[in-house]
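Below you'll find the structure, written out as structure tokens, and then a few comments.
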Amino acid sequence: MLLLSLIGFSEIPSFLLGLFLLLLFAVELGWFPLAGAMTPFKEYRGWWEAAIDVLHHACLPLLALTLVRLTGVFLLTRNTLLLVANKDFIRTARAKGIGERRVWYRHALR
């Protein structure tokens with residue numbers, strides 16, 4: 001996970017990641033459409049079908065933009081947790097006998 005974050009944080013442009021996602025999920029696997037905001041010439045029975053079609057077309061662009069931004073958040077959280085791990089309030093929580101998972105979620109992540 002850290003390696004993927006470092007690769008993502010090394011400024012892979014979102015449009016390049018989007019092209020890789022298109023090649024994998026649209027061309028090779030055929031799960032998503034290659035272009036457009038809606039399927040052309042399709043008649044929808046209701047607004048919900050049109051909304052689902054638009055969301056289906058928006059999945060890959062949203063995934064590309066999210067992955068590019070998420071790597072920065074992941075690295076920032078990791079580095080902050082490494083700094084906080086040796087603080088007094090974390091040692092105090094551990095000395096009180098609080099479980100390790102609870103120490104990390106309740107004290108360190110705040």
As an exercise: evaluate Leu6 against (1) in a helix (DSSP H, G or I); (2) open to solvent by 90 Å² or more (accessible area, probe 1.4 Å); (3) at pLDDT 80 or above and give the number of the one condition it does not meet.
(3)
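Tell me, which residue of region 77-92 that is assigned to a helix (DSSP H, G or I) and touching a helix residue (DSSP H, G or I) at 6+ places or on another chain (Cβ under 8 Å) is surrounded by the most Cβ atoms within 10 Å (Cβ to Cβ)?
So the residue we want is Ile90.
Considering every residue within region 80-95, establish whether at least one is among the basic types (Lys, Arg) and under 20 Å from the mean Cα position of the chain (by Cα). First the steps, then the outcome.
Going through region 80-95, the residues among the basic types (Lys, Arg) turn out to be 87, 91, 94.
The next check asks that each one be under 20 Å from the mean Cα position of the chain (by Cα); those that pass are none.
For region 80-95, residues among the basic types (Lys, Arg) and under 20 Å from the mean Cα position of the chain (by Cα): absent.
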Please find, among Val73, Val27, the residue that is modelled with pLDDT of 90 or more and under 23 Å from the mean Cα position of the chain (by Cα).
Val27
Single residue of region 22-76 satisfying the filter (assigned to a helix (DSSP H, G or I) and aromatic (Phe, Trp, Tyr)) that is least open to solvent (accessible area, probe 1.4 Å):
Phe25
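The values are calculated or read from the model by the stated rules, or taken from the named source; none is laboratory data. Small disclaimer: the values here were computed from a predicted structure and weren't measured. Using ideal geometry, Cβ is built from the backbone for each residue, glycine included, and neighbour counts are taken over all protein chains shown. Areas reflect the complete protein model, heavy atoms only, side chains present, ligands, DNA and RNA absent. Shrake-Rupley method; radii C 1.70, N 1.55, O 1.52, S 1.80 Å.
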